[in-house]
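Participant: One structure follows; several queries about it will come next.
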Amino acid sequence: MPEMDIQKPPSKIFSKEQALTKAESYCAYQERSQQEVRDKLYEWGLHQAETEEVIAELITQNFLNEERFALAYALGKFRMKGWGKMKIKQGLKLKKVPEKLIIKALAGIEEQDYLEKLSQLMEQKAQFLKEKDPFKFRLKLMQYLAAKGYEKDLILFLLKNNQLNTK
């Protein structure tokens, strides 16, 4: 049987006014970055000039606010997924959020909450690790927490000051 190219059907083409209405709903549903909205508008068949006009209108009407998005993203990923600041920062960069807003959003995460979450994740993971060798146990714990986006110096600090079972 010959291989078939599976392509996404072309999106419906909307007028600028229709796209604005749809984009308002899209932004009202949850916070969006400008880049997410821009990508969606292109997907809906708008050209660059129209896309930028719609984005400007969404900003004027306060449907789109990059600072609000960055803070919601940072707090959401931290609280719900347990991500560290490095992973959150990378996610915001991928959404083309300006660096100064990334810094501001990360500052919105309370330091005490951050350390508590890291400690909690460390203890949870330690319970499930079956490694007997203490060195390998700590290494696996460090790798897990680094993959979650936590800073190496914080991980080492907590490992040093936390007596975890190495089984």
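Participant: Rounded to whole Å, give me the distance from the Cα center of the stretch 81-152 to that of the stretch 29-76.
Facilitator: Their Cα centres are 28 Å away from one another.
Participant: Using just the Cα positions, wrap the stretch 1-157 in a convex hull and report its mean projected area in square nanometres, one decimal place.
Facilitator: Its Cα hull, projected and averaged over all orientations, spans 14.5 nm².
Participant: Can you spot the aspartates and glutamates whose alpha carbon is less than 15 Å from Lys89's alpha carbon? Ignore those fewer than 8 places along the same chain.
Facilitator: Correct list for Lys89: Glu66, Glu67, Glu99, Glu151.
Participant: What FRET efficiency, computed as 1/(1 + (r/R0)^6) with R0 = 35 Å and r the Cβ-Cβ distance, is obtained for Ala28 and Met142, rounded to the nearest 0.05?
Facilitator: After rounding, the FRET efficiency stands at 0.25.
Participant: Could you work out [θ]222 nm for the chain from helices alone, using -39500 (n - 2.57) per DSSP H run of at least four and dividing by all its residues? Round to the nearest 500 deg cm²/dmol. Write down the numbers at each step before the final one.
Facilitator: On the way: 9 runs with 113 residues, N = 167.
For the chain, the value works out to -21500 deg cm²/dmol.
Participant: Further, regarding this structure: Quick one: which of 152-162, 47-57 comes out on top by average Cβ neighbours within 10 Å, and what's the full order, highest first? Kindly include the intermediate steps, with their values, before the conclusion.
Facilitator: On the way: 152-162: 13.3, 47-57: 15.1.
Highest to lowest by the protection proxy: 47-57, 152-162.
Participant: Taking the Cβ-Cβ separation of Lys96 and Lys130 as r and a Förster radius of 45 Å, what is the calculated FRET efficiency to the nearest 0.05? All intermediate terms of the calculation are to be shown ahead of the outcome.
Facilitator: Details: r = 41 Å, r/R0 = 0.92.
With R0 = 45 Å, the Cβ-Cβ based efficiency is 0.60.
Quick note: the coordinates plus some simple rules give every number you see, no bench work behind them. Just so it is clear, the structure is predicted and the values come from calculations on it, not from any experiment. Neighbour counts run over all protein chains shown; Cβ positions are idealised from the backbone, glycine included.
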